[in-house]
Ligand code: FAD
C-alpha cells in the first residue's frame, strides 16, 4: 500500500536548515511526508528573527520556504518544543527518520568578571528585540548613553552597529518593531566601537556589510591608520575576497577623503570605529556598582600566521568607557535531549555527513550540525547534503521498514500533554494580520510580538 511506501520523516526546527532539508526530501522522494516541528508560533527561524530589518532582500527565501510548507506532503507544527513537549525518542518511534535542525540559540558567554551587570547585553538578544522575538521584548536596552561598545567583529556586530546608528527615519519602512523604532528615535548613542581581539586581516565581517557602514548617512568612520601599518605589502598574498575587504579598510583608514566625502563626514553627528588588538578582560561598573561604565581591554599582539593567528596579551590594558556593552562573540547550540549525543566543546551534534554518530535514523543539518557560522546559502548546501544522506540510507534499507504512524501518534501525545500546535495556515493568518497592521505606516509588516495575542487571533 501507499502507506507502507510513505516514509514518515520529521524535521525539528523551521529555520533555513529545516526548510531546505524538507525541500530536498520532498523533491527527491516522490512519496515522503515531512513534518516540521517548531517551538515558536511562527516559522523561518533566523530569517525572521536574525536577518536585519534593513536587508529585506535576504528574506526572499521565505517565498521558497512557503512553497515547501504548502506542499500536501509537508506539515508545519508550530508551538511544539521538542525536548520538552515531546522527546526525541518519541519522535524516532513515530517516524522513519528524524532530522535535528534546531540551530544555535545560546550566546557564547564572555567569561569575564562583571558580565552580569545591567547594560551588558548579548547581541543575539538585542537582535531578537528589534526583530520581534517574543522572549526578547522586555530587553529595554539603555540607549541614553553616548557610547556603545560591541565585542566581536563579525556581520552580526555590524548589523547591530548599523541599527544603532542609522537615522531612525531610514528604518521606518522596514519590518523593525514599532517599540524598537520608538526606542531608537529616543537614542542618544553617538559613538559605537566595534572591538576585536585580532587585527584588520582577521575581521569576520564581509565587504558588503562594511561598505554599508562606511556609507551610513550621518555617520563617519574612525579608523586608526597605525593599525594598518605594513598591511599594504601583506595583502598581496591573501585570497581575493579577504584582499578586497582589507583594501577597503585600508583606503578608509589611510586615504584622505575627497571634497564631497569630507563635507559629508564633517556634518556627521554619529561615528563608529573599529578597535583592533583588544581582548575583553573585565566589565567596569559605575561607582555605585549598579551598571556598566566601561570595559577593560587587554592589548594584544598576534602570534602565528594566516587563519591560525592567535591574539596574545602584551600586558598593557586600556579602559574604554561605555553605557551599553553588546557581546557578539558567537553562538552555541544546546543539547536537546539526553538521548542525543552532544559535543559540549564544539557545541554541535557529532555527525558524519549529517548522520548522527551511533544513532541510526537520526540526522542533523544547519548550525546544530556544523556550528554557528555561515550564511543562508551555506546552510542550504549543508542541508541538501544531510537530506541526500538520509535518502541514501532509505534506499539502502537502513531505516525501519514497516509503516510508521508519523504525526497521528505525536498528536495524541501532545494533546494528552495540553500542547496545541499551530499549523502553516495559522501562520498565514498571522502573516496577513501583520501585513495589514504595517499598511497604515508604510511598513512591509508590523510583527506580532505577544504570544498570547497571537494565540487569541488564532482562536486558541
Ligand atoms: P535557525 O535559523 O536558528 O533555525 C532554528 C529553528 O529551530 C528556529 O526556528 C528555532 O526556533 C527552532 N528550535 C530551536 N529549538 C527548538 C526546539 N527545542 N524544538 C523545536 N524547534 C526549535 N545569513 C545570511 O545569509 N544573510 C544575513 O543577512 C544573515 N543575517 C544574520 C543575522 C543574525 C543576527 C544571525 C544570528 C544570523 C544571520 N545569518 C544571515 C545566518 C543565518 O541566519 C544562518 O545561516 C541560518 O539561519 C542557520 O539556519 P538554522 O536553520 O540552522 O538555524
- Task: Test residue 308 against the stated conditions and say whether it is closer than 30 Å to residue 367 by Cβ and touching a helix residue (DSSP H, G or I) at 6+ places or on another chain (Cβ under 6 Å).
- Result: no
- Query: Counting just the residues of the range 430-452 that are surrounded by fewer than 15 Cβ atoms within 10 Å (Cβ to Cβ) and more than 25 Å from the chain's Cα centre (by Cα), which one comes out nearest to residue 87 (Cα to Cα)?
  - Reply: 436
- For the range 221-236, indicate whether the set of residues that are within 16 Å of the ligand (Cβ to nearest atom), touching a helix residue (DSSP H, G or I) at 6+ places or on another chain (Cβ under 8 Å) and at pLDDT 95 or above is non-empty. no
- Could you pull out the residue among 126, 76 that is within 13 Å of the ligand (Cβ to nearest atom), buried (at least 20 other Cβ atoms within 10 Å of the Cβ), over 20 Å from residue 414 (Cβ atoms) and touching a residue at least 40 places away in the same chain (Cβ under 8 Å)? 126
- Meets criteria (at pLDDT 95 or above and within 8 Å of the ligand (Cβ to nearest atom)) for residue 104: yes
- Matching residues in the range 264-295 - criterion: being closer than 17 Å to residue 150 by Cβ and free of Cβ contacts under 8 Å to residues at least 24 places away in the same chain: none
- Query: Of all the residues that make up the range 28-39, how many are touching a helix residue (DSSP H, G or I) at 6+ places or on another chain (Cβ under 9 Å) and within 7 Å of the ligand (Cβ to nearest atom)?
  - Reply: 2
- Task: Select from the range 61-73 the residues that are more than 11 Å from the ligand (Cβ to nearest atom) and within 26 Å of residue 406 (Cβ to Cβ) and list them in ascending order.
- Result: 62, 64, 66, 67, 68, 69, 70, 71, 72, 73
- Filter result (within 24 Å of residue 153 (Cα to Cα) and crowded, with 20+ Cβ neighbours inside 10 Å) within the range 331-347: 331, 333, 347
- Note on the structure: Of those in the range 40-60 that are touching a helix residue (DSSP H, G or I) at 6+ places or on another chain (Cβ under 6 Å) and over 26 Å from residue 456 (Cα atoms), the residue farthest from the ligand (Cβ to nearest atom) is 59
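Answer yes or no as to whether residue 50 is in contact (Cβ under 8 Å) with a residue 12 or more places away in the chain and either touching a strand residue (DSSP E or B) at 6+ places or on another chain (Cβ under 7 Å) or surrounded by 22 or more Cβ atoms within 10 Å (Cβ to Cβ) (or both).
no
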- Every residue from the range 352-384 that is exposed (fewer than 15 other Cβ atoms within 10 Å of the Cβ) and more than 9 Å from the ligand (Cβ to nearest atom): 352, 353, 357, 358, 360, 381
- Condition test on residue 164, is it crowded, with 16+ Cβ neighbours inside 10 Å and either more than 20 Å from the chain's Cα centre (by Cα) or assigned to a helix (DSSP H, G or I) (or both)? yes
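The values are calculated or read from the model by the stated rules, or taken from the named source; none is laboratory data. Please read all numbers here as calculations on a predicted model, not as lab measurements. Ideal geometry is used to build each Cβ from the backbone, glycine not excepted, and the neighbour counts take in all protein chains shown.
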